[in-house]
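Enquirer: If you scroll down you'll find the structure; I have some questions about it.
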Amino acid sequence: MESSFIQSYWSLLPPLLAIVLAVFTRRVLLALGLGIILAALLLQQFSAIGTVQLLLSSAWALFWSANAVNEWNVNILTFLLLLGCIISMLSRIGATLAFAEWAHGHIKNRRQAKVMTGLLVFIFFIDDYFHSLSVGTICRPVTDRFKISRAKLAYLLDSTAAPVCVLMPVSSWGAYIIALVGGILVSHGITGHSALGAFLVMGSMNYYAIFTLIMVLLVIRGGWDLGAMARHEQAALKGSLFDNSKGTPPGVEDNSEQVGRVLDLLLAIATLTLVTVVGLLLTGAHALKQEGLEFSLLGALEHTNVGRSLVFGGIAGALVCVFGMVQQSVSLAQWRQTLAMGVKGMLPAIYILLLAWMIAGLISQLETGQYLASLVQQSLPLFLLPAVLFLLAGMMAFATGTSWGTFGIMLPIAADMTMAIDAQLLLPAMSAVMAGAVFGDHCSPISDTTILSSTGAACHHMDHVVTQLPYALSIAVVSLVGYVALGYSASVLLGFLAATLAFILVLVFWSWQQRGVS
């Protein structure tokens, strides 16, 4: 039965309920659960039996849909469990502790620890999930040693992952967006830009990604602990890396009994990385071959199977760790304890991720994203179009918890609108959508990227959301100024200069705030 709540303001209530409850109660599972129930009630027009049936079918669809295994979800969950076991095994054989000891001798201060975390994005930029979990695994012992809060580590992971991936053509994000842009260019008969060329030009106007990375550099340099982050950093300096009153955050605890070898950790991570990258290329090449297309790097990344490749990498990395455990003659009881600890450490993140996927599916049925997109089609001054698209994409990603879904909905809409009004605004409008999607994703507690950044850092999820919010909102203001100037002047240079001036003013404001607090 068609629901009257589809594509209406009622469709905004479930994500808003989940987000507001998550922020104010800090109980993410409860908030997501209530949001899911409300969405199901709206879709079934408050029929109790229909609601229960929809909830059961939605939960089942997380693992089985279209008469087949839901491969993406199952692969991501499998990779999380494999990574938990890898982390636990590396800890058991002392490799994690050995790396922390090595870092203590070579990394001399907190700034160098943050620099290492920030620079690793340029090794793990191929995918944001991969980056957040792998870099978190590598860097957490080091940042813990130098009393950097888990919230700061989660911020560094999240604020380098998506912004770099969205700017890099050779990444899962870049390939996906290039494919979307290529289709848009063809549908509108545009021959002046190739899909790759348009993507690179759009990247130069992605003010949110660019200035987020600049802000990360300032945070690494030191002294830019905004809002709640300052409290977490002060507590970390006193020995509390996370809020102990909320229990132990998701992640695998250290179970080292002795100092092992750094080589074991490097081999495991290198194997995981190499096999994952090879898997990305091979699965992409296989898909190209099936479609009768010639192999190309971008083509392979566009058609690749990220989830399957992560599982391949996880299995290979786990086998390296198994070899290390065998070398140390680990007892059967220790094997059971180690693997159980790895699985247990990932379960809280998995529960959140499952509910986030479930509410995202129900929100999709309510057509929340399409309703938000329809709001922008009301009359407004032309020069404000990029700024409005930035805000709308941000709201959509915030409400739905997916930047990729926002790209898929909003990029074609932005193209249709600008081509009907002023073709010169095509690339600025689409770049604003890209920027807004990443901004909304950064702010949303139901975003899978945000959840996995918390997991990678072993940080309480809502602590990460709350501490990242001042940075995200500040850069959103900077981006808005840039897009207003870009829309008004149609000049990329003037738009960037306006955003730069706004960024300087934001820094002045926060400097004044910090002096006022101190």
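The values are calculated or read from the model by the stated rules, or taken from the named source; none is laboratory data. For clarity, every value in this text was computed on a predicted model and none was experimentally measured. As a convention, Cβ positions derive from the backbone with ideal geometry for all residues, glycine included, and neighbour counts pool all protein chains shown. With ligands, DNA and RNA removed, areas are computed over all heavy atoms of the protein, side chains included. Shrake-Rupley method; radii C 1.70, N 1.55, O 1.52, S 1.80 Å.
Enquirer: Open to solvent by 20 Å² or more (accessible area, probe 1.4 Å), more than 27 Å from the chain's Cα centre (by Cα), among the small types (Gly, Ala, Ser) and under 30 Å from residue 72 (Cβ atoms), is that true of residue 260? Break it down stepwise before answering.
Expert: Working: open to solvent by 20 Å² or more (accessible area, probe 1.4 Å): yes; more than 27 Å from the chain's Cα centre (by Cα): yes; among the small types (Gly, Ala, Ser): yes; under 30 Å from residue 72 (Cβ atoms): no.
For residue 260, the condition - open to solvent by 20 Å² or more (accessible area, probe 1.4 Å), more than 27 Å from the chain's Cα centre (by Cα), among the small types (Gly, Ala, Ser) and under 30 Å from residue 72 (Cβ atoms) - is not met.
Matching residues to (1) over 30 Å from residue 89 (Cβ atoms); (2) modelled with pLDDT of 90 or more:
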| residue | (1), (2) |
| --- | --- |
| 138 | no, no |
| 165 | no, no |
| 169 | yes, no |
| 179 | yes, no |
| 187 | yes, no |
| 233 | yes, yes |
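Enquirer: Out of 248, 271, which single residue is modelled with pLDDT of 90 or more, among the hydroxyl-bearing types (Ser, Thr, Tyr) and either in contact with a helix residue (DSSP H, G or I) (Cβ under 8 Å, 6 or more places away or on another chain) or surrounded by fewer than 18 Cβ atoms within 10 Å (Cβ to Cβ) (or both)?
Expert: On the way: 248 fails: modelled with pLDDT of 90 or more.
Of the residues listed, the single one that is modelled with pLDDT of 90 or more, among the hydroxyl-bearing types (Ser, Thr, Tyr) and either in contact with a helix residue (DSSP H, G or I) (Cβ under 8 Å, 6 or more places away or on another chain) or surrounded by fewer than 18 Cβ atoms within 10 Å (Cβ to Cβ) (or both) is 271.
Enquirer: If you don't mind, another one. Residues of the range 409-424 being open to solvent by 30 Å² or more (accessible area, probe 1.4 Å) and small (Gly, Ala, Ser), which ones?
Expert: Of everything in the range 409-424, those that are open to solvent by 30 Å² or more (accessible area, probe 1.4 Å) and small (Gly, Ala, Ser) turn out to be 420, 423.
Enquirer: Moving on. Mind checking whether some residue in the range 129-137 is open to solvent by 10 Å² or more (accessible area, probe 1.4 Å) and either more than 28 Å from residue 81 (Cβ to Cβ) or among the basic types (Lys, Arg) (or both)? Let's see the steps before the verdict.
Expert: Step one: of the range 129-137, the residues open to solvent by 10 Å² or more (accessible area, probe 1.4 Å) are 129, 137.
Keeping just the survivors that are either more than 28 Å from residue 81 (Cβ to Cβ) or among the basic types (Lys, Arg) (or both) gives none.
No: zero hits.
Enquirer: Going through the range 351-370 one residue at a time, which ones are open to solvent by 10 Å² or more (accessible area, probe 1.4 Å) and closer than 9 Å to residue 446 by Cβ? Talk me through it step by step, then tell me what you get.
Expert: Step one: list which residues in the range 351-370 are open to solvent by 10 Å² or more (accessible area, probe 1.4 Å), which gives 351-352, 354-355, 357-358, 360-361, 364-365, 367, 370.
Within the range 351-370, 352, 355, 360 qualify.
Enquirer: Out of the range 376-427, which residues are of a type in the set (Val, Ile, Thr), part of a helix (DSSP H, G or I) and at pLDDT below 85? Walk me through how you get there before you give the answer.
Expert: Within the range 376-427, the subset of a type in the set (Val, Ile, Thr) is 376, 388, 400, 402, 406, 409, 413, 418, 421.
Then keep just the ones that are part of a helix (DSSP H, G or I); that gives 388, 400, 406, 409, 413, 418, 421.
If the condition is that a residue be of a type in the set (Val, Ile, Thr), part of a helix (DSSP H, G or I) and at pLDDT below 85, then 400, 406, 409, 413, 418, 421 are the ones that fit.
Enquirer: For the range 25-40, name all the residues that are assigned to a helix (DSSP H, G or I) and under 11 Å from residue 461 (Cβ atoms).
Expert: In the first step, residues of the range 25-40 are kept if they are assigned to a helix (DSSP H, G or I); the result is 25, 28-40.
Result: 28, 29, 31, 32.
Enquirer: Going residue by residue through the range 338-346, is there one that turns out to be more than 26 Å from the chain's Cα centre (by Cα), open to solvent by 50 Å² or more (accessible area, probe 1.4 Å) and of a type outside the set (Asp, Glu)? Write out each step before concluding.
Expert: Our first condition is that a residue be more than 26 Å from the chain's Cα centre (by Cα); within the range 338-346, this holds for 338-340.
Cutting the leftovers down to open to solvent by 50 Å² or more (accessible area, probe 1.4 Å) gives us 339-340.
Now narrow it down to the ones that are of a type outside the set (Asp, Glu): 339-340.
Among the residues of the range 338-346, at least one is more than 26 Å from the chain's Cα centre (by Cα), open to solvent by 50 Å² or more (accessible area, probe 1.4 Å) and of a type outside the set (Asp, Glu), which makes the answer yes.
Enquirer: While we're here: Mind listing whichever residues of the range 208-235 are open to solvent by 20 Å² or more (accessible area, probe 1.4 Å) and not aliphatic (A, V, I, L, M)? Before you say what the answer is, go through the steps one by one.
Expert: At the first step, the residues of the range 208-235 found to be open to solvent by 20 Å² or more (accessible area, probe 1.4 Å) are 210, 213-214, 217-218, 221-225, 227, 230-232, 234-235.
Once the filter is applied, which keeps residues that are open to solvent by 20 Å² or more (accessible area, probe 1.4 Å) and not aliphatic (A, V, I, L, M), the range 208-235 yields 221, 222, 223, 224, 225, 227, 231, 232, 234.
Enquirer: When the residues of the range 189-202 are narrowed to those that are small (Gly, Ala, Ser) and surrounded by fewer than 19 Cβ atoms within 10 Å (Cβ to Cβ), which ends up modelled with the highest pLDDT? Show your work before the answer.
Expert: So the first thing to find is which residues in the range 189-202 are small (Gly, Ala, Ser), and the list is 189, 192, 194-195, 197-198.
Subsequent filtering for residues that are surrounded by fewer than 19 Cβ atoms within 10 Å (Cβ to Cβ) retains 189, 192, 194, 197.
On the way: 189: 79, 192: 71, 194: 70, 197: 76.
Here the residue is 189.
Enquirer: Do you know which residues across the range 294-323 are hydroxyl-bearing (Ser, Thr, Tyr) and not in a helix (DSSP H, G or I)? Break it down stepwise before answering.
Expert: So the first thing to find is which residues in the range 294-323 are hydroxyl-bearing (Ser, Thr, Tyr), and the list is 296, 304, 309.
296, 304 - these are the residues of the range 294-323 that are hydroxyl-bearing (Ser, Thr, Tyr) and not in a helix (DSSP H, G or I).
Enquirer: Looking only at residues in the range 281-314 that are within 19 Å of the chain's Cα centre (by Cα) and at pLDDT below 85, which one is most open to solvent (accessible area, probe 1.4 Å)?
Expert: 302
Enquirer: Is it the case that the range 497-518 has a residue that's in contact (Cβ under 8 Å) with a residue 40 or more places away in the chain, under 16 Å from residue 390 (Cα atoms), surrounded by fewer than 19 Cβ atoms within 10 Å (Cβ to Cβ) and not basic (Lys, Arg)?
Expert: Taking every residue of the range 497-518 in turn, none turns out to be in contact (Cβ under 8 Å) with a residue 40 or more places away in the chain, under 16 Å from residue 390 (Cα atoms), surrounded by fewer than 19 Cβ atoms within 10 Å (Cβ to Cβ) and not basic (Lys, Arg).
Enquirer: In the range 463-486, what residues are over 20 Å from the mean Cα position of the chain (by Cα) and open to solvent by less than 10 Å² (accessible area, probe 1.4 Å)? Give the steps one after another, and end with the answer.
Expert: Kept after step one, since they are over 20 Å from the mean Cα position of the chain (by Cα), are these residues of the range 463-486: 477-478, 480-486.
Passing the criteria: 478, 482, 483, 486.
Enquirer: Here's another thing I want to ask about it. Suppose we filter the range 35-58 for residues that are among the polar types (S, T, N, Q), surrounded by fewer than 19 Cβ atoms within 10 Å (Cβ to Cβ) and either touching a residue at least 12 places away in the same chain (Cβ under 8 Å) or more than 17 Å from residue 364 (Cα to Cα) (or both); how many remain?
Expert: Looking only at the range 35-58, we keep the residues that are among the polar types (S, T, N, Q), and these are 44-45, 47, 51, 53, 57-58.
Pick out the ones that are also surrounded by fewer than 19 Cβ atoms within 10 Å (Cβ to Cβ) and you get 45, 47, 53, 57.
Filter once more, so that each one left must be either touching a residue at least 12 places away in the same chain (Cβ under 8 Å) or more than 17 Å from residue 364 (Cα to Cα) (or both): 45, 47, 53.
Residues that pass the stated criteria total 3.
Enquirer: Related question: Could you check the range 129-240 for helices (runs of 4 or more DSSP H) lying wholly inside it with 2 or more residues that are more than 26 Å from residue 426 (Cβ to Cβ)?
Expert: On the way: elements: 150-167, 172-187, 195-204, 207-221, 228-237.
Here the list reads 150-167, 207-221, 228-237.
Enquirer: A follow-up question, please. Return the residues of the range 99-128 that are in contact (Cβ under 8 Å) with a residue 60 or more places away in the chain, open to solvent by 20 Å² or more (accessible area, probe 1.4 Å) and either among the charged types (D, E, K, R) or in a helix (DSSP H, G or I) (or both); say none if nothing qualifies.
Expert: 101, 102, 110, 111, 115, listed by residue number.
Enquirer: Still on this structure, please answer the following. Look through 96, 78 and report the one residue that is open to solvent by 40 Å² or more (accessible area, probe 1.4 Å) and β-branched (Val, Ile, Thr).
Expert: Details: 96 fails: open to solvent by 40 Å² or more (accessible area, probe 1.4 Å).
Being open to solvent by 40 Å² or more (accessible area, probe 1.4 Å) and β-branched (Val, Ile, Thr) holds for just one of 96, 78, which is 78.
Enquirer: Name the single residue that is farthest from residue 136 (Cα to Cα) among those in the range 59-75 being outside any helix (DSSP H, G or I), open to solvent by less than 60 Å² (accessible area, probe 1.4 Å) and aliphatic (A, V, I, L, M). Outline the logic, then answer.
Expert: Of the range 59-75, the ones outside any helix (DSSP H, G or I) are 62-70.
Filter once more, so that each one left must be open to solvent by less than 60 Å² (accessible area, probe 1.4 Å): 62, 65, 68, 70.
From the residues that got through so far, the ones that are aliphatic (A, V, I, L, M) too are 62, 68.
Numbers: 62: 26, 68: 33 Å.
Among them, the one singled out is 68.
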